[in-house]
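One structure is given below, encoded as structure tokens.
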Amino acid sequence: MNDPSDPPDTTAPSPGALLRTLALDLFTVAWDPLPRMSRPRWLAWLPHLVIGYVGIFCVFLTAQQMDDRYGVTGGHPLVPALATGASILLAMFRPLAGWWLGLLAGALVAAQVHDHVGPGQSWPWHPGGVFAFAVVLFLVALRVPPRVTVAVTVVSVVVTGLAELFLKPGHGQSTVLGVALLFGFVGVLGYALRATRLARTKLVEQETLTEEERAQRTLLEERSRIARELHDVVAHHMSVISIQAQVAPHLVENPSEELKENLAGIRENALEALTELRRVLGVLRSEHPDDPANPHHPQPTLAELPGLVDNVRGAGLTVTTEIAGIRRPLAPGVELTAYRIVQEALSNCLRHAPGSRVEVGIAYGPHELHLCIANTAPTRPAPPSQGAGHGLLGMRERAGMLGGELAAGPRPGGGYEVSAVLPMDPVTKKG
């Protein structure tokens with residue numbers, strides 16, 4: 001067993017190991033279909049159709065050249081011609097299997113035309129065969145790693161050279177130089193396109209992850225903001241309970257010791273709960289919770305809605321309000337959520353619908369509070385937005401945490417509308 005403190009083994013792999021790796025690469029004929037085009041969708045299968053047409057064309061081209069150029073007649077050219085076309089079709093789905101079949105087809109053609117080669121005629125590759133095998137090499141380079149592309153290109157050129165060296169007919173014209181240049185070019189082209197496709201795929205994946213992370217971060221930021229505000233609300237009420245428990249004995253004439261003990265216990269528990277609440281959630285109040293420049297303030301309620309509307313009017317927006325039902329105080333969380341929804345909707349109108357008219361409607365139902373903020377179409381162009389906002393996300397999160405619902409979308413006649421329904425007795429959702 002090696003000592004973990006030993007330095008890593010940096011010796012180069014042996015030639016035998018390299019040959020075994022190369023053999024495994026070349027004899028891997030696994031299913032690896034040609035990728036489809038993603039956009040536009042109707043062009044997804046266009047490369048497959050084009051390559052299929054090229055394969056059929058090479059069948060007729062090989063048979064025609066074997067007949068016309070080399071005088072091989074009868075049914076003999078049909079088998080290598082079909083193998084040539086099949087190698088292109090197979091390479092679309094199993095690239096290395098198609099490459100092996102292309103080599104076999106080239107060998108069959110070379111064997112059949114060997115005794116028919118005349119002066120100036122190429123061997124072992126004829127013009128159509130070189131073109132067909134270059135297509136196969138291109139399809140291989142599009143899918144396999146660079147080392148495999150280099151291997152199949154070198155093997156193809158070496159096989160051509162060995163065939164010319166030992167089996168070339170006397171009148172045949174050498175093809176090894178042209179084959180090396182053509183096969184090398186298509187190998188480099190296929191590798192470049194493969195690298196571009198992989199880089200684009202990784203870029204899309206990274207952009208998708210970035211968008212998801214941004215949305216998740218935005219959601220967490222909004223939840224932290226809500227937690228800070230709810231912390232202030234709960235802390236206020238716990239403080240009130242503590243003070244009332246402290247003052248209560250003085251409001252009763254001759255209070256009993258049991259009453260004093262119970263009230264003292266209530267006050268002590270309230271103070272302990274308040275301390276624990278501030279310890280756990282106080283850090284959410286700001287990045288520097290002990291900074292005196294960030295004091296705690298009471299959270300707004302619907303009673304402060306007129307001041308909010310006046311501020312928006314002062315910014316140049318025409319706003320009308322309408323309140324239906326019997327106005328009454330609500331739970332602090334409902335008050336705060338309703339105020340923030342109206343505030344964010346009015347802010348969106350200022351940013352995205354300058355010059356529009358806005359209607360704010362609030363209806364107090366028996367069990368639910370209904371909100372509606374609607375604006376007309378803007379009368380002038382909106383300034384460019386600085387990044388992606390999260391106002392709607394925050395409003396939905398606030399409504400959802402109370403067990404309510406929020407809907408937002410464009411109006412039929414132009415403009416935009418935000419509507420929410422909040423329960424009077426909210427049920428806070430966990431998680």
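The values are calculated or read from the model by the stated rules, or taken from the named source; none is laboratory data. As the structure is a prediction and not an experimental result, all values here were calculated from the model. Quick reminder, even Gly has a Cβ in these numbers, built from the backbone with ideal geometry, and neighbours come from all protein chains shown. Note: areas computed on protein heavy atoms with side chains; ligands, DNA, RNA excluded. Shrake-Rupley method; radii C 1.70, N 1.55, O 1.52, S 1.80 Å.
Being of a type in the set (D, E, K, R) and either buried (at least 19 other Cβ atoms within 10 Å of the Cβ) or modelled with pLDDT of 80 or more (or both) is the filter here, so list the residues in segment 402-431 that pass it.
Glu405, Arg411, Glu417
With in contact with a strand residue (DSSP E or B) (Cβ under 9 Å, 6 or more places away or on another chain), farther than 22 Å from Met424 by Cβ and buried (at least 18 other Cβ atoms within 10 Å of the Cβ) as the only criterion, which of Val342, Val334, Val319 stands out?
Unique residue meeting the criteria: Val319.
Scan segment 74-91 residue by residue and report those that are of a type in the set (A, V, I, L, M) and open to solvent by 10 Å² or more (accessible area, probe 1.4 Å).
Leu78, Val79, Leu82, Ala83, Ala86, Leu89, Leu90, listed by residue number.
Please go through segment 120-147 and pick out each residue that is among the small types (Gly, Ala, Ser) and either closer than 14 Å to Thr160 by Cα or open to solvent by 10 Å² or more (accessible area, probe 1.4 Å) (or both).
Those that are among the small types (Gly, Ala, Ser) and either closer than 14 Å to Thr160 by Cα or open to solvent by 10 Å² or more (accessible area, probe 1.4 Å) (or both): Gly120, Ser122, Gly129, Ala134.
Hey, among Val176, Val157, Val144, which residue is out of contact with any Lys or Arg (no Cβ under 9 Å at 6 or more places or on another chain) and in contact (Cβ under 8 Å) with a residue 24 or more places away in the chain?
Only one candidate passes the filter, namely Val157.
Run down Ala338, Ala399 and say which single residue is under 22 Å from Leu219 (Cβ atoms), at pLDDT 90 or above, of a type in the set (A, V, I, L, M, F, W, C) and not in a loop (DSSP other than H, G, I, E, B).
Ala338
So, in segment 189-203, of the ones that are free of Cβ contacts under 8 Å to residues at least 12 places away in the same chain and open to solvent by 80 Å² or more (accessible area, probe 1.4 Å), which residue ends up nearest to Gly394 (Cα to Cα)?
By that ranking, first place goes to Leu203.
Sort out which residues of segment 39-54 are open to solvent by 100 Å² or more (accessible area, probe 1.4 Å), modelled with pLDDT under 75 and outside any helix (DSSP H, G or I), and write them in order of number.
Selection gives Arg39 alone.
Looking only at segment 211-253, how many residues end up being of a type outside the set (Gly, Ala, Ser), more than 30 Å from Tyr339 (Cα to Cα) and either in contact with a Lys or Arg (Cβ under 6 Å, 6 or more places away or on another chain) or at pLDDT 80 or above (or both)?
Result for segment 211-253: 2.
Can you run down the residue pairs with Cβ atoms below 8 Å, 6 or more apart or on separate chains, where the first is in segment 65-86 and within 17 Å of Trp125 (Cβ to Cβ) and the partner is open to solvent by 40 Å² or more (accessible area, probe 1.4 Å) and of a type in the set (D, E, K, R)?
Once the first residue is within 17 Å of Trp125 (Cβ to Cβ) and sits in segment 65-86, its partners that are open to solvent by 40 Å² or more (accessible area, probe 1.4 Å) and of a type in the set (D, E, K, R) give Pro77/Asp67.
Out of all the residues in segment 130-177, which are basic (Lys, Arg) and in a helix (DSSP H, G or I)?
Arg143, Arg147
Answer yes or no as to whether Phe60 is under 30 Å from Pro146 (Cβ atoms), open to solvent by 50 Å² or more (accessible area, probe 1.4 Å) and either in a helix (DSSP H, G or I) or out of contact with any helix residue (DSSP H, G or I) (no Cβ under 7 Å at 6 or more places or on another chain) (or both).
No, not satisfied.
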